[in-house]
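Following: one structure in structure tokens, then a few remarks.
The values are calculated or read from the model by the stated rules, or taken from the named source; none is laboratory data. These numbers come from a predicted model, not from an experiment. Virtual Cβ from ideal backbone geometry, glycine too; neighbours counted across all protein chains shown. Ligands, DNA and RNA are excluded from the accessible area calculation, which covers all protein heavy atoms including side chains. Shrake-Rupley method; radii C 1.70, N 1.55, O 1.52, S 1.80 Å.
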Amino acid sequence: FSFSWQTTFQDGGEEVEDGAVYNVTLKKVQIQQAANKGARWLGGEGDQLPPEHTVRQYETSKIRAIKAGTLEKLVENLLTAFGDADFSYISIFLATYRAFASPKTVLELLLDRFGNLETSSHGEVANLNSLESEMVLRAEIASVLRAWLDQCSEDFREPPDYMCLLKLLDYLKNNMPNSDMESRVQNLLKQFQSQEVETVDGFYSTSSSDLVDGEELEISSPEEFSSFQDHVVAEQLTYMDVMLFRRVVPYHCLGSIWSQRDKKENKNLAPTVRATITQFNAVTKCVISTILETRELKIQQRAKIIEKWIHIAHECRILKNFSSLRAIISALQSNSIYRLKTTWMCVSKDILLMYEELSEIFSDHDNYLTSRELLMKEATSKFANLDSSEKENQKKSQKRLQLQKNKGVMQGTVPYLGTFLTDLIMLDTALQDYVEGGLINFEKRRREFEVIAQIKLLQSSCNTYCLTPDQKFIQWFRRQRHLTEEESYKLSREAEAAADINILSPKSQKSMVKRISTLFLGTDVFTPPKEQPLKSSPVGGSSGESTDSASVSSCEFNHSETEDVCLTPVSSPEDPLKKSSVGSDKGYDSDKGSVSSDKGSGSSKGSVFDPGLGSDSGSIPSRDSGSVPSSAPRVLPVYNRQREGSCIIRVSMDGLHASVYKSILITNQDRIPDVTQRALLKHNLEPDAVEDYELVQVISEDKELVFPRDANVFYGMNSHVNFDFILRKKA
């Protein structure tokens, strides 16, 4: 018989049970087949035959996807999801459950409540006889445990006792003795016990505190740095980035997890994400130190180092390493480097054009649409797509790319992790953890999993890299002395002051200035921040917690850990060139670990979230076409925009924590006491002290809007400027 079929979906509404709410979708499949063998012998296909020669059959099935439920119901659903045709549920639950439960709690529910046949009220097997019930239940639990060990084995790494793993092993010995699962758990336990307790950084740490005995920080020698070939440096940076990114535990990126890391008791929280940020900062600071640290360099020598880093960034682009690529571009657009105007005049035109193209990748236009599209386009491609608008650069790029292809080894993709952190933070801020009745909002977890799935896909692609460590470079990289913000700014001023302004004739100087102005005026790429004395500069918010905006180095968690990425501060309106898209006050936000961006409405305050970030701007990808379709999600509230009675504002604490922004979702029903209390909680302060604080919106550098005690924040705020607020203690 010849078959053809067409599938349609229909919204079936909701089903409510005790402790759970389900979305129901009706799947209708139309099957058309040839009515008899004679039609087949005549060569007719089912969809080409007249109606009298075909038979149409319709099959309708119901798909149930849990929308919200108690923890018990969510765990029970692990056993029934497959029967409900919710095939992705187990993966979604395992990737996100750490936001609302611990491994111990979930394992106890799964094994003690649902794994014990005598007490289980599992509906699917209620009508089966005892033996069949036991077999079905064992198979379902084994399927869940197998998925748990496959996808999230790190959940069981709990040294030194490994209580969850031992509990699981005991269950398997009693219920599935001598099974493959039992052997696997035993091997995993031995593996964990044999491994030394080590930090995630391990061998790949770039922190000076991790240097082995006998190693010392050193002043970088320009000659030694120049001895490393550009592609070698890019490959080694990629090697280090790959090793760290592959070890990122996806649930560490969840907004509800990452946002808690600045509490004292959580100093070791999300170590895999911290490690990638540390590496990003190390690359950025290495770029700055190699350019500035040697005072004796001449202008041309310093320009050559800048050119070398641009070439290295280009090599990172060929290797699809967007993390180190962005770190290098960020460093070159930091205040201390970009202000070297005389040095930049000596950088060749072709290399400046290359730099411009690389910078455009991270343009913040339309919620970083360019970098998002490029990342998804190349996520699983074998090689980079180096279509360039500049013919000369395109020739060089294609030549280098061809060399990579000739090696016959596919490449993975290393993303800039901050992009995903931003999306997860916005989801965590915009969507509630619980819905009516105190049920866990699992629709929120489905949305989060769409981002987590992208991270996992890219981690898988990194397995295709074939890179080997170059110990000489790695040791050199680890020994680099990282300049503080004060040091880098001071050295930058010294280098510029010492520049021999007579090395160029007046005519050539004029030509060079004209060339650079022509190249970058009117673009969103290359920005010299306004030069300011370090100590008197306003808080720029390069990183959510950096108290200085003068340079890229020394971005800190609570001024103690160099874990956040700091970039260039916002340039002033008087700047001769336009504001840079990459160097414009972005970085890993100390509130949520997201990329921060200030769109510059005249305010010099730092920022945390990307304006316009939300599902409508491409930040949250659609579900896989093969999954169950759902009704269009409601439009999420975003920063800097009021819609559907809600928006997201950013609140900082006046004084010591003035550069640390926390994002808060407000509605048109929220008044000052409510918002103030939430802001205090976000900043880990006592929420009962509401009466001691006043809420102020920053209008400009010299203007503020002070709210009365019972004002409605949504309607009272100025919606034509950035939604930046300050919580200030009353006099």
key: Scattering curve values for region 230-489, log₁₀ I(q)/I(0), Debye with Cα scatterers, q = 0.12 Å⁻¹   = -0.78
request  = For region 316-363, count all C-alpha to C-alpha pairs, find those more than 15 Å apart, and express that count as a whole percent of the total.
outcome  = 49
query = Quick one: which of 260-271, 327-338, 693-704, 309-320 comes out on top by average Cβ neighbours within 10 Å, and what's the full order, highest first?
reply = 327-338, 309-320, 693-704, 260-271
task = Take the cross-link list K263/K444; K190/K285; K308/K341; K263/K730; K263/K729 and give me the ones stretching past 28 Å between alpha-carbons.
result = K190/K285
key: Shape call, region 646-729: gyration tensor on alpha carbons, a/c limit 1.5   = rounded
message = Give me the percent relative contact order of region 230-489, please, defined on Cα pairs under 8 angstrom at least 6 residues apart.
response = 28
remark   = Between Q260 and Q57, the FRET efficiency computed from the C-beta separation at R0 = 45 Å comes out, to the nearest 0.05, as 0.25
Fraction of accessible area attributable to carbon and sulfur, region 230-489 (%, probe 1.4 Å) = 50
Region 646-729, dipole about Cα centre (Lys/Arg Cβ +1, Asp/Glu Cβ -1), debye to the nearest 20 = 240
query = What part of the accessible area of region 646-729, given as a whole %, is carbon or sulfur when the probe is 1.4 angstrom?
reply = 49
For region 137-192: span of alpha carbons on each principal axis (Å, largest first) = 31, 21, 15
1.4 Å probe accessible area per residue over region 646-729, in Å² = 45
